[in-house]
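These notes concern the structure reproduced below.
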Amino acid sequence: MGGSLDTTDESRSTAGATTRSDHPVVVCLEDVTKIFEDAPAVDDLNLEIYDGEFFSLLGPSGCGKTTTLRMIGGFEEPTSGRILLGGREVTYLAPYHRDVNTVFQSYALFPHLNVFDNVAFGLRRKKLTKVEVARRVGSILEIVDLPHYEKRKASQLSGGQQQRVALARALVNEPTLLLLDEPMSALDAKLRRQMQIELKRIQSQVGITFLYVTHDQEEAMTMSDRLAVMRSGKIEGIGSPRDVYDSPSTEFVATFLGASNLLAGTLEAASGALSSVTLTDGTSLSVPHERVPALAGSTTLKVGVRPEKISIGVAGTSVPAGHNALRGRVRVSTFTGVGNQYLVDSVSGTELTVYAQNIGQELAPRSGDEVVLTWPIEHTFAVVPMTGSNDEESTNDEE
Amino acid sequence: MSVQDRTDTAATSRPERPARRRRKLGRFVLPTYSWLVIAYLVFPIALMIIYSFNRVVGGLQQVSFSWNGFTTQWYRQWSNVPGLTSSFWLSIRLALVSTLIATVLGTLLAIALVRYRSNKFRGKVAVEQVLFLNIAAPEIVMGASLLGLFVTFNVARGFLTLVLAHVMFSIAYVTVTVRARLSGFDRSLEEAAYDLGANPLTTFRLVTLPLIMPGVLAGALMAFALSIDDFVTSNFVSGTAPPFPVWVYGATRVGIPPQVFVFGTFIFMVGIAFAVMSIVLSRKKS
Ligand SMILES: Nc1ncnc2c1ncn2[C@@H]1O[C@H](COP(=O)(O)OP(=O)(O)OP(=O)(O)O)[C@@H](O)[C@H]1O
Ligand SMILES: [Mg+2]
């Protein structure tokens, strides 16, 4: 967050401790398409996941996350494209020949077997000795914190315990890749938070690559080394959570991952590192050049800024250097404890949301007050206005 | 606290009054009705069991329904009627063989019907219709047509034709029973098994079959019971050696030997034993 405007590189380097692009590629999807009854569920998808990372697929319901996972697991065959696991093509390989294990959304524990036999199922298929099976089952149950539950039936476990057994059953095989399809969706909020921490701990302990599917953006951001935001079978944004959050590549990503204020404008000529965008009312905003997407012919775009990046001041406050500014009038001011949330009608006609932290310094503007909104230029981004159907939008309101 | 209790009891006792009246009614009507049904169903069987202990007077050894005194003679001499004993063993063998075949085929058919949609399983709808017809069609029609078939194609009537006929009429019952069990089956369990490295055969053996076993057993029991007591079809397709029900029917014209009641009692007891066993097993499970 320093003075440098070269934010893309900056955020890369802060996330560098967790991205592993120098590691070998574990899974590679090349132009993968899956068509169900002539509608594509996954549309020309390209994806690489690196060894040891915690990667999340995030997106609204029906965007093709499960389908992607099932194709990697071998339960679904792509209509076209290739899937490589550890460099080997597995596109049409049966699931029982793949070095991949899955934690199913419904857990899919075998109801007629006890915990031990559930966990040992995969090891026994590999013809390990009895002693070795017992040793490995014991140690994985230790890791998932269920040491004395071997004799229990799956139905005699709580939801969280069942989830741990499902995790243990997959992990005990030491796969090169673990697929998890919304494993938390059956848990209540509190247990969910607890299991998120647990899952992260287990992942770093066993060092296995995780491909995690969720439609909870907060969950994806807190847990992942990298994530991809999917929409209608396509990846719209990919990178570390910070990258994707701070420089969303499309309007959809900007609104799906957190909240964004988006202002329609036209791109003017660039000057040096900054591009200038003129809003409908004539206000000019600066956007770091590398955050302006390639516009195919047209010059209309949307300028975005996250609500927490904006400072709110009474009208007439001087604008610091290197900041964008926009005048407006407070419509609603809400005290939320940790801060204030404002809805501001800007002069450009767009309503902006502003979060101000409660640090007890200034007098909060009240509704009706004329204000000026300022934010650092490096926190400004631009996206191509969303075209096509807006039907998915209704399903991905902020949680 | 006490105030709370009082209001609680007051609140619950008020709406209870009509319910209690209904319950009083239920206390008499329902049990009476149940006992009547039980009596209706069990009376003929009880009569058979009682008369299996009846002494026979006169030279001919055949059952009569006048009580001549208690004896266990027929139990001691259970195998003294040669045709009867061999027909009984034939029926047992027939039931075992046809149940085995019908259970295997019926189970596989049920799996196919549940697993594949009609775009992949051509003729699925036709199979379903035929199964229904098979259950609904009068046995006399099937028996007569089978006889016609065997005669036309010059197939000697005997054990083979009996097995063919019995498999034919029990397969639909097995399929229907197993299919009911399969329709609640979570397919992700099989996917989980594949995921853990089990091939389809291992998955069937270790996951699918154990889970649908109750349905398969129920279907097998039904097939066995259908086979053991089948008369109509068997009468058409049996050769010189008739199975038990056909033999008994033939005997009624000359007089039923008392041993028939002994065998009848035995079959009934085995049935009771199965029923009790299934109740005990299902109790244990829940
Ligand atoms: N077996 C199938 N047959 C036909 N259409 C399917 C099938 N499976 C998925 N689809 C369709 O493909 C699209 C993507 O489904 P998918 O299950 O991958 O979504 P998802 O991202 O996992 O959604 P959710 O968050 O609700 O689980 C949906 O429109 C769905 O209706
Ligand atoms: Mg899904």
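The values are calculated or read from the model by the stated rules, or taken from the named source; none is laboratory data. As the structure is a prediction and not an experimental result, all values here were calculated from the model. Positions of Cβ are backbone-derived with ideal geometry, glycine not excepted, and every protein chain shown enters the neighbour counts. Each accessible area value is taken on the protein alone, full model and side chains, heavy atoms only, with ligands, DNA and RNA left out. Shrake-Rupley method; radii C 1.70, N 1.55, O 1.52, S 1.80 Å.
Between helix A:189-206 and chain A there is an angle of about 70 degrees, using the helix long axis and the longest principal axis of the Cα atoms. The angle between the Cα long axis of helix A:159-171 and the main principal axis of chain A comes to about 70°, on a 0 to 90 degree scale. Across chain B, the longest run free of exposed loop sites, meaning chymotrypsin sites (Phe, Trp or Tyr not before Pro) lying outside DSSP classes H, G, I, E and B with no more than 12 other Cβ atoms within 10 Å, spans B:154-286.
Using the rule -39500 (n - 2.57) for each DSSP H run of four or more residues, divided by the residues of chain A, the 222 nm mean residue ellipticity is -7000 deg cm²/dmol. Can you compute the label reach from B:Leu209? Point 7 Å from Cα along the Cβ direction, backbone N cut-off under 19 Å, restricted to region B:87-111. Under 19 Å, as judged by backbone N against the label point of B:Leu209, lie B:97-111 of region B:87-111. By the combined test of axial Cα extent (at least 15 Å) and Kyte-Doolittle hydropathy (mean at least 1.6), the qualifying DSSP H helices of chain B come to B:139-152, B:209-228.
Would you mind getting me the FRET efficiency between A:Thr222 and A:Ser106? Use the beta-carbon distance for r and R0 = 25 Å, nearest 0.05. Calculated transfer efficiency: 0.55.
Label point of A:Glu132 set 7 angstrom out along Cα-Cβ; within region B:191-220, amide nitrogens under 19 Å from it belong to B:196-199. Which is the longest run of chain B containing none of the trypsin sites (Lys or Arg not before Pro) found in DSSP loop states (not H, G, I, E, B) with at most 10 other C-beta atoms within 10 Å? Answer - B:123-252. Between B:Ala273 and A:Asp99, the distance separating the two model label sites (each 7 Å from Cα on the Cα→Cβ line) works out to 5.5 nm.
Return the value, in Å² to the nearest 100, of accessible area buried between chains A and B (probe 1.4 Å, both sides summed). Chains A and B together bury approximately 1700 Å².
Taking only protein heavy atoms and a 1.4 Å probe, the accessible area of region A:259-383 is 53% carbon and sulfur. Please find the FRET efficiency linking A:Gln156 to A:Arg331, where r is the Cβ-Cβ separation and R0 is fixed at 45 Å, and quote it to the nearest 0.05. With a Förster radius of 45 Å, E is 0.25. For a straight C-alpha distance cut-off of 16 angstrom, the lysines reachable from A:Lys153 (same-chain residues fewer than eight places away being disregarded) are B:Lys284, B:Lys285. Within the accessible surface of region A:10-246, defined with a 1.4 Å probe on protein heavy atoms only, the carbon and sulfur portion equals 49 percent.
Working from label points 7 Å from Cα in the Cα-to-Cβ sense, the A:Asp38 to A:Glu290 distance is 4.5 nm. Dipole check for region B:114-180: with +1 at the C-beta of Lys and Arg, -1 at the C-beta of Asp and Glu, and the Cα centre as origin, the magnitude is about 440 Debye.
Computed over region A:242-326, relative contact order equals 28 percent, with contacts defined as Cα pairs under 8 Å that lie 6+ residues apart. Per residue, how large is the accessible surface of the protein assembly as shown? Use a 1.4 angstrom probe and give square angstrom. Ligands and nucleic acids excluded, the figure is 52 Å² per residue. For the protein assembly as shown, a crude dipole built from +1 on the beta carbon of Lys and Arg and -1 on the beta carbon of Asp and Glu, taken about the Cα centre, is about 5100 debye to the nearest 20.
A Förster radius of 56 Å, combined with the Cβ-Cβ distance separating A:Ile197 from A:Ala264, puts the computed FRET efficiency at roughly 0.85.
Within the accessible surface of region B:82-256, defined with a 1.4 Å probe on protein heavy atoms only, the carbon and sulfur portion equals 69 percent.
Against chain A, whose longest principal axis comes from its Cα atoms, helix A:115-125 is set at around 80 degrees.
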